[in-house]
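*Asks:* Below is one structure. I have some questions about it.
The values are calculated or read from the model by the stated rules, or taken from the named source; none is laboratory data. Note that this is a predicted model, so its numbers are computed, not measured. Backbone-built Cβ (ideal geometry, glycine too); neighbour counts: all protein chains shown. Just the protein is used for accessible areas: all its heavy atoms, side chains included, with ligands, DNA and RNA removed. Shrake-Rupley method; radii C 1.70, N 1.55, O 1.52, S 1.80 Å.
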Amino acid sequence: MKTLMKIALTTGLLAVTAQAETINFDDATPGAAPPGWTATKTGKGEPKWTIEKDDTAPSKPNVLKQSGEATYPVCLKNETNVKDGFVEVKFKPISGKEDQAGGVVWRAKDSDNYYIARANALEDNVTIYHTVKGKRTEKKRTSMKVASGDWHTLRVDFSGNHFAVTFDGKKAIEWDDETFTDGGMVGVWTKADSVTLFDDFSYGSK
């Protein structure tokens with residue numbers, strides 16, 4: 001199910017319209033890849049992106065689950081092109097010996113070129129990166145408690161060269177960069193052997 005929302009803000013003579021969409025995966029078929037998404041990876045391995053039923057889902061019954069293993073499993077929302085706006089997701093890290101991560105992607109050109117912010121339950125931190133030609137480079141990190149087995153909310157607001165990351169409603173990172181200045185796709189991300197659930201994926205332009 002999708003929800004589409006338009007918000008008009010008027011200040012003096014200036015009116016700004018923001019458009020946002022939320023995807024909760026509840027109309028999709030369990031066991032299959034999410035329709036309207038490119039379920040892929042950066043690097044090597046075999047990611048497994050599937051729709052699954054989960055009783056703990058913030059919006060029941062379905063979630064998006066990543067249960068394969070790859071360098072960086074990536075799932076990109078088709079036909080999105082956001083330059084300035086936000087991307088947000090609720091995620092639940094389940095297991096993983098190497099990583100227990102959940103992340104959001106924005107301004108993606110493809111599965112090898114994008115910005116990524118992620119939270120990791122094994123490291124208890126939130127980190128922002130850019131991935132260029134398949135190479136991920138860390139830019140900034142903040143120590144924050146990321147509990148395995150719990151649902152969390154990760155959000156990035158981006159405008160021009162400025163990015164603000166919030167985790168469970170608390171400001172985590174602010175960072176400026178001009179590697180990718182054009183609009184691009186948004187999506188979700190994990191790393192290595194992370195088994196992670198996602199729900200209520202939201203994005204919008206301003």
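*Asks:* Considering only the stretch 162-174, state which residues are part of a loop (DSSP other than H, G, I, E, B) and over 21 Å from Gly187 (Cβ atoms).
*Replies:* The answer is Gly169, and nothing else.
*Asks:* To continue, here is another question. Considering only residues of the stretch 95-109 that are surrounded by 16 or more Cβ atoms within 10 Å (Cβ to Cβ) and of a type in the set (D, E, K, R), which is farthest from Glu178 (Cα to Cα)?
*Replies:* Asp99
*Asks:* On to the next question. Is it true that Leu197 is under 15 Å from the mean Cα position of the chain (by Cα), closer than 26 Å to Gly68 by Cα and not basic (Lys, Arg)?
*Replies:* yes
*Asks:* Give the stretch 17-60 a look and list any residue that's over 22 Å from Asp99 (Cα atoms), part of a strand (DSSP E or B), free of Cβ contacts under 8 Å to residues at least 24 places away in the same chain and polar (S, T, N, Q), or say none.
*Replies:* Thr17
*Asks:* If a residue must be in a strand (DSSP E or B), free of Cβ contacts under 8 Å to residues at least 24 places away in the same chain and touching a strand residue (DSSP E or B) at 6+ places or on another chain (Cβ under 7 Å), how many such residues does the stretch 133-156 contain?
*Replies:* 3
*Asks:* Could you say whether any residue in the stretch 175-198 is charged (D, E, K, R), part of a strand (DSSP E or B) and surrounded by 14 or more Cβ atoms within 10 Å (Cβ to Cβ)?
*Replies:* No, because not a single residue in the stretch 175-198 is charged (D, E, K, R), part of a strand (DSSP E or B) and surrounded by 14 or more Cβ atoms within 10 Å (Cβ to Cβ).
*Asks:* Can you name every one of the strands (runs of 3 or more DSSP E) wholly within the stretch 61-132 that holds 2 or more residues which are small (Gly, Ala, Ser), touching a strand residue (DSSP E or B) at 6+ places or on another chain (Cβ under 9 Å) and under 22 Å from Ser202 (Cβ atoms)?
*Replies:* 101-110, 113-120
*Asks:* If you don't mind, another one. Name the residue, out of Glu52, Glu46, that is in contact with a Gly (Cβ under 6 Å, 6 or more places away or on another chain), open to solvent by 50 Å² or more (accessible area, probe 1.4 Å) and modelled with pLDDT of 95 or more.
*Replies:* Within the list Glu52, Glu46, the selection yields Glu46.
*Asks:* Scanning for something among the aliphatic types (A, V, I, L, M), within 13 Å of Phe86 (Cα to Cα) and modelled with pLDDT of 95 or more, does the stretch 132-145 turn up at least one residue?
*Replies:* No, the stretch 132-145 contains no residue that is among the aliphatic types (A, V, I, L, M), within 13 Å of Phe86 (Cα to Cα) and modelled with pLDDT of 95 or more.
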